[in-house]
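*Asks:* Below is one structure. I have some questions about it.
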Amino acid sequence: MSRVVFLDERCKGCLLCTTVCPKGIIVQSSRFNRQGYKVAEVPADAMKDCTGCASCALICPDVAIRVIKSRKAKKAGKE
Amino acid sequence: MQADERLALADDEQMAFEVPDVLVDRATHYCPGCHHGIAHRLVAEVLEEMGVVDDTICVASIGCSVFIYNYLAVDSVEAPHGRAPAVATGVKRGRTDKIVFTYQGDGDLASIGLAEVMHAANRGERITIVFVNNTVYGMTGGQMAPTTLIGQKTTTCPGGRCRDREGMPIRMAEIIAGLGGVAYSARASLDSVKNIRAAKKAVRKAFDVQQQGLGFGFVELLSGCPTNWRMDAVKANTRIREEMIPYFPLGVYKDVTEGEGVC
Amino acid sequence: MPHNTTDTGTPERIFIKGNEAIAHGALAAGCRCYFGYPITPQNDIPEMMSYALPDAGGEFVQAESEVASANMLLGAAAAGIRALTSSSSPGISLMQEAISYMAGSELPGVIVNMNRGGPGLGDIGPSQGDYFQSVKGGGHGDYKLLVLAPATCQECYDMMVQAFDLAFKYRNPVMVLGDAIVGQMKEPVTPWKPAAVPATEAADWRLEGAKGRKPRLLKSLFLEDGALAGQNRHLQAKYAAMQAEAKAESFLTEDAELIVVAYGSIGRIAKSAIRKLRAQGHKVGLVRPQTLFPFPGPLLRGLAEQGKRFLTIEHNCGQMVEDVRLSIRGIVDSAFYGHMPGEMPGSDDFLAPILDAMGGK
Ligand SMILES: Cc1ncc(C[n+]2csc(CCOP(=O)(O)OP(=O)(O)O)c2C)c(N)n1
Ligand code: SF4
Ligand code: SF4
Ligand code: SF4
Ligand SMILES: [Mg+2]
């Protein structure tokens, strides 16, 4: 089980993250942040597909994504 | 920022992406999709992994990244446009025990500052240069840079850069690799996950050779400037892949730790 | 070891050129880094530093240009190191951008200018054509350098020690402004050892890695609302406080009817002329500013208030005379004699202008 957290106030809506997700679950939301950017998100029902690969976080120029993995998932992935 | 309960970890959870502490927790002034943010993060990760944050002095240059000191929590000094390698030479000669790096754009390094970077490299100054090549003068509004590609339209070559009029775009990683004092020179790109991982290794190597006292470390990072390329960030990344990389090939052009000049 | 290094034990007097005295003085002052690019008539300075500095545990770099030298100076200054660059007029022109950044970022460093003739490539002979460039800022923005003007080889030595102390006291670049005369002539110099540089010098602002403290930033960019105005006010207050450092040599001024104002080598040549005229009974004296910024204006004004007349002599077409006139404005004017750069002055050249200014006596 993995999940990602988008820090809305850091996101600038560049959508680079949407291009690298192997599961294609990142989309542009309909929310605007205080700076006026339309932020990216993973819809709640799609989160179960997140593998915790952190590609989205790696390409995000604004460090707006946190990736969280369950320890079991990580171990399983490694071995 | 206020605490975000979504970031609270359950017992069986852990962070799969560590944000380096030396990267200041604040929003940047960069445009959406600007790669300066990625380049900053890579430098931050490398300094932290090397354990040299407290011994590092950053020389900021003039360009969009002049405010790098707002985002990296290290001692910093601002250099005049193009002169960062000379300033870094002075810092390093004054404090040979410190890690000193410059962070420069293509206008700063490859145009006005060409003499300074060439001679610092040739002297083999024990410094590291992180060179962000986005093929334009970002800060001043997208004028032609020495790295602007043939046919690329900018505000000062509105018809597109022309070989006969403006000359060919300059390939710095190769030029630097040809100089005697250089221990490492490489070109990487920030357009994809794979390339960002490779870029991180190159940045690390460019700092390693300094720390080991082997010579000058240079890493060129192909970067997007969506604003002045007049396209969105996703298209900008496509442009890096389809237009920049073919002209600016990625690779290691010199690495004295692995025998002379790969590529 | 060549005879002209200090580390064979300090001889009582050594017979050296002004340029060499500059290098000796810098080493005595604890200079740790030298950056420079060759140009006549000051090459003895980098040449001597190139062998003496490494021996003294320092670093010598022959830079690719004066643009680079000045920026290396900026970098070493940011690390809190006592550093030096030297050049002559065309090279100093190239340094102006970095000097402006140093002033704006409040970084201390010493710049020696052995003034040669201009404009352009000019010649390699002496001149005082860089007075304006030295004391009025020189680069962009509102800033000042502390400017010291040696007239003898001993002063070359002494003023280097003073220059480093002032640079760090005020966190400001300091220029030592000589010319091809004082740089090239040989005189006996008595070296002396100033107190060692305290390890705490610059400890509260130098860059050395942010171990156990907040990161430091040395910059001259102030974009936030009101920030640049604040920085300029702060700098102006500092420049005003520097007035306390004003210094001048006064020679036979007490009973003088006419005060000759001249600096550096020209001040010294004027002194010879004054001696000759005194022997003939003419009541003429000399004020030789040793600091050009801060300018010893109050001293001149005091003399003007005593009813004395003034003649400014310079080896240029009229630069310092403006500061003399400003100093005594509302009381009396200053006459001016400018010896043309490109021609070597002798004391006899000054006799007629002085007599003229005394009223044709
Ligand atoms: C001496 C001088 N000339 C010109 C400028 C104006 N200027 C500021 S940034 C810049 C170009 C920056 O371009 P680049 O180095 O490519 O950095 P980018 O903004 O693209 O990251 C210029 C020309 C200046 N600050 N100083
Ligand atoms: S890459 Fe970062 S800034 Fe860009 S849309 Fe995704 S989360 Fe937002
Ligand atoms: S961690 Fe990987 S799978 Fe999960 S959202 Fe990010 S890119 Fe997609
Ligand atoms: S103008 Fe270009 S380089 Fe500058 S912040 Fe914007 S995208 Fe980045
Ligand atoms: Mg650029």
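Where a number appears in this text, it was derived from the coordinates with a stated rule and is not lab data. For clarity, every value in this text was computed on a predicted model and none was experimentally measured. Backbone-built Cβ (ideal geometry, glycine too); neighbour counts: all protein chains shown.
*Asks:* Return yes when B:ALA236 is surrounded by 15 or more Cβ atoms within 10 Å (Cβ to Cβ) and within 14 Å of chain A (Cβ to nearest Cβ) and no when it is not. It would help to see each step written out before you state the result.
*Replies:* Working: surrounded by 15 or more Cβ atoms within 10 Å (Cβ to Cβ): yes; within 14 Å of chain A (Cβ to nearest Cβ): yes.
Taking the combined requirement at face value, the residue satisfies it.
*Asks:* Looking at segment C:303-328 only, could you name the residues that are surrounded by 15 or more Cβ atoms within 10 Å (Cβ to Cβ) and aliphatic (A, V, I, L, M)?
*Replies:* Selection gives C:LEU303, C:ALA304, C:LEU311, C:ILE313, C:MET320, C:VAL321, C:VAL324, C:ILE328.
*Asks:* Further question on the same structure: What's the number of the condition B:ALA173 fails, among (1) surrounded by fewer than 20 Cβ atoms within 10 Å (Cβ to Cβ); (2) in a helix (DSSP H, G or I)?
*Replies:* All conditions are met except number (1).
Let's see how each residue does on (1) in contact with a Pro (Cβ under 9 Å, 6 or more places away or on another chain); (2) of a type outside the set (Val, Ile, Thr); (3) more than 16 Å from ligand 2 (Cβ to nearest atom); (4) over 29 Å from A:LYS38 (Cα atoms):
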{"position": "B:LEU221", "(1), (2), (3), (4)": "no, yes, yes, no"}
{"position": "B:ALA236", "(1), (2), (3), (4)": "yes, yes, no, no"}
{"position": "B:TYR247", "(1), (2), (3), (4)": "yes, yes, yes, yes"}
{"position": "B:LEU250", "(1), (2), (3), (4)": "no, yes, yes, yes"}
{"position": "B:LYS254", "(1), (2), (3), (4)": "no, yes, yes, yes"}
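*Asks:* Got at least one residue in segment B:188-201 being away from chain A (no Cβ under 14 Å) and of a type outside the set (Asp, Glu)?
*Replies:* no
*Asks:* Just checking: which of the helices (runs of 4 or more DSSP H) contained wholly in segment C:296-361 hold 2 or more residues that are within 20 Å of C:ALA149 (Cα to Cα) and out of contact with any helix residue (DSSP H, G or I) (no Cβ under 6 Å at 6 or more places or on another chain)?
*Replies:* Those helices (runs of 4 or more DSSP H) span C:297-305, C:320-327.
*Asks:* Could you figure out which of (1) surrounded by 18 or more Cβ atoms within 10 Å (Cβ to Cβ); (2) in contact with a helix residue (DSSP H, G or I) (Cβ under 8 Å, 6 or more places away or on another chain) isn't true of B:ASP12?
*Replies:* Condition (1) is where B:ASP12 drops out.
*Asks:* Name the pairs whose Cβ atoms lie under 8 Å apart, with the first residue in segment A:4-15 and part of a strand (DSSP E or B), the second near ligand 2 (Cβ under 9 Å from one of its atoms) and polar (S, T, N, Q), and 6 or more positions between them or separate chains?
*Replies:* From residues that are part of a strand (DSSP E or B), there are no pairs.
*Asks:* In addition: Could you tell me how many of the residues in segment C:66-82 are within 7 Å of chain B (Cβ to nearest Cβ), over 18 Å from the mean Cα position of the chain (by Cα) and closer than 16 Å to C:ALA163 by Cβ?
*Replies:* Here the count works out to 2.
*Asks:* Being within 14 Å of chain B (Cβ to nearest Cβ), crowded, with 24+ Cβ neighbours inside 10 Å and either outside any loop (DSSP other than H, G, I, E, B) or free of Cβ contacts under 8 Å to residues at least 40 places away in the same chain (or both), is that true of even one residue in segment C:131-146?
*Replies:* Scanning segment C:131-146, I find no residue that is within 14 Å of chain B (Cβ to nearest Cβ), crowded, with 24+ Cβ neighbours inside 10 Å and either outside any loop (DSSP other than H, G, I, E, B) or free of Cβ contacts under 8 Å to residues at least 40 places away in the same chain (or both), so the answer is no.
*Asks:* Something else now. Output the residue which, of all residues in segment B:63-75 that are within 8 Å of chain C (Cβ to nearest Cβ) and more than 19 Å from B:VAL219 (Cβ to Cβ), is farthest from ligand 4 (Cβ to nearest atom).
*Replies:* So, considering only residues that are within 8 Å of chain C (Cβ to nearest Cβ) and more than 19 Å from B:VAL219 (Cβ to Cβ), the one farthest from ligand 4 (Cβ to nearest atom) is B:ASP75.
*Asks:* What is the residue count in segment C:91-106 for residues that are touching a Gly at 6+ places or on another chain (Cβ under 9 Å) and more than 14 Å from C:LYS136 (Cβ to Cβ)?
*Replies:* Adding up the residues that qualify gives 7.
*Asks:* If you take the residues in segment B:41-62 that are surrounded by 24 or more Cβ atoms within 10 Å (Cβ to Cβ) and under 16 Å from B:ASN133 (Cα atoms), which one is nearest to ligand 4 (Cβ to nearest atom)?
*Replies:* B:SER61
*Asks:* While we're on this one: List, please: which pairs have Cβ atoms under 6 Å, are six or more places apart or on different chains, and start with a residue in segment B:47-63 that is without any contact (Cβ under 8 Å) to a residue 40 or more places away in the chain and end with one that is charged (D, E, K, R)?
*Replies:* Between residues of segment B:47-63 that are without any contact (Cβ under 8 Å) to a residue 40 or more places away in the chain and residues that are charged (D, E, K, R), the close pairs are B:ASP54/C:LYS211.
*Asks:* Taking the condition more than 9 Å from chain C (Cβ to nearest Cβ), on the phi < 0 side of the Ramachandran plot and out of contact with any Phe, Trp or Tyr (no Cβ under 8 Å at 6 or more places or on another chain), does B:ASP12 pass?
*Replies:* Working: more than 9 Å from chain C (Cβ to nearest Cβ): yes; on the phi < 0 side of the Ramachandran plot: yes; out of contact with any Phe, Trp or Tyr (no Cβ under 8 Å at 6 or more places or on another chain): yes.
The answer is yes for B:ASP12.
*Asks:* Against the condition basic (Lys, Arg), without any contact (Cβ under 8 Å) to a residue 24 or more places away in the chain and over 21 Å from B:MET231 (Cα atoms), how does B:ARG163 come out, does it pass?
*Replies:* Details: basic (Lys, Arg): yes; without any contact (Cβ under 8 Å) to a residue 24 or more places away in the chain: yes; over 21 Å from B:MET231 (Cα atoms): yes.
In short, yes.
*Asks:* Follow-up question, since we're still on this one. From the list B:ARG83, B:ARG26, which one is more than 9 Å from chain C (Cβ to nearest Cβ) and either in contact (Cβ under 8 Å) with a residue 12 or more places away in the chain or crowded, with 24+ Cβ neighbours inside 10 Å (or both)?
*Replies:* B:ARG26
*Asks:* Taking only segment B:120-132 into account, find how many residues are touching a helix residue (DSSP H, G or I) at 6+ places or on another chain (Cβ under 7 Å), of a type outside the set (Phe, Trp, Tyr) and more than 8 Å from ligand 1 (Cβ to nearest atom).
*Replies:* Initially, segment B:120-132 is screened for residues touching a helix residue (DSSP H, G or I) at 6+ places or on another chain (Cβ under 7 Å), giving B:120-121, B:125-132.
Still in the list and also of a type outside the set (Phe, Trp, Tyr): B:120-121, B:125-130, B:132.
Add one more test, that the residue is more than 8 Å from ligand 1 (Cβ to nearest atom), and what stays is B:120-121, B:125-130.
Adding up the residues that qualify gives 8.
Yes/no per residue for (1) assigned to a loop (DSSP other than H, G, I, E, B); (2) within 28 Å of C:ARG82 (Cα to Cα); (3) in contact with an Asp or Glu (Cβ under 6 Å, 6 or more places away or on another chain):
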residue: C:VAL197; (1), (2), (3): yes, yes, no
residue: C:GLU201; (1), (2), (3): yes, yes, no
residue: C:GLY209; (1), (2), (3): yes, yes, yes
residue: C:PHE222; (1), (2), (3): yes, yes, no
residue: C:GLN231; (1), (2), (3): no, yes, no
residue: C:ALA244; (1), (2), (3): no, yes, no
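*Asks:* Let me ask something else about it. May I ask you to list pairs of residues, at least six apart or on different chains, whose Cβ atoms are under 9 Å apart, with the first in segment B:103-122 being within 14 Å of chain C (Cβ to nearest Cβ) and without any contact (Cβ under 8 Å) to a residue 40 or more places away in the chain and the second being within 15 Å of ligand 4 (Cβ to nearest atom) and in a helix (DSSP H, G or I)?
*Replies:* Hits for this filter: B:GLU116/B:LEU109.
*Asks:* A further question follows. What do you reckon, is B:LYS98 more than 9 Å from ligand 1 (Cβ to nearest atom), away from chain C (no Cβ under 14 Å) and among the basic types (Lys, Arg)?
*Replies:* Judged against the criteria, B:LYS98 is not a match.
*Asks:* Take C:ALA270 and decide whether it is in a helix (DSSP H, G or I), among the hydrophobic types (A, V, I, L, M, F, W, C) and in contact with a strand residue (DSSP E or B) (Cβ under 9 Å, 6 or more places away or on another chain). Steps first, please.
*Replies:* On the way: in a helix (DSSP H, G or I): yes; among the hydrophobic types (A, V, I, L, M, F, W, C): yes; in contact with a strand residue (DSSP E or B) (Cβ under 9 Å, 6 or more places away or on another chain): yes.
When the stated conditions are applied, C:ALA270 passes them.
*Asks:* Taking the condition surrounded by fewer than 24 Cβ atoms within 10 Å (Cβ to Cβ), more than 14 Å from chain C (Cβ to nearest Cβ) and within 16 Å of ligand 5 (Cβ to nearest atom), does B:THR135 pass?
*Replies:* So B:THR135 fails the test.
*Asks:* Right, next: For the list (1) of a type in the set (Asp, Glu); (2) farther than 15 Å from B:ASN133 by Cα; (3) within 14 Å of another protein chain (Cβ to nearest Cβ), I need the number of the one condition that B:GLU242 fails.
*Replies:* Looking at each condition in turn, B:GLU242 falls short on (3).
*Asks:* Just checking, which of C:GLN96, C:GLN62 is surrounded by fewer than 24 Cβ atoms within 10 Å (Cβ to Cβ), within 24 Å of C:GLU20 (Cα to Cα) and within 11 Å of chain B (Cβ to nearest Cβ)?
*Replies:* Details: C:GLN96 fails: within 24 Å of C:GLU20 (Cα to Cα).
Just one listed residue meets the conditions, C:GLN62.
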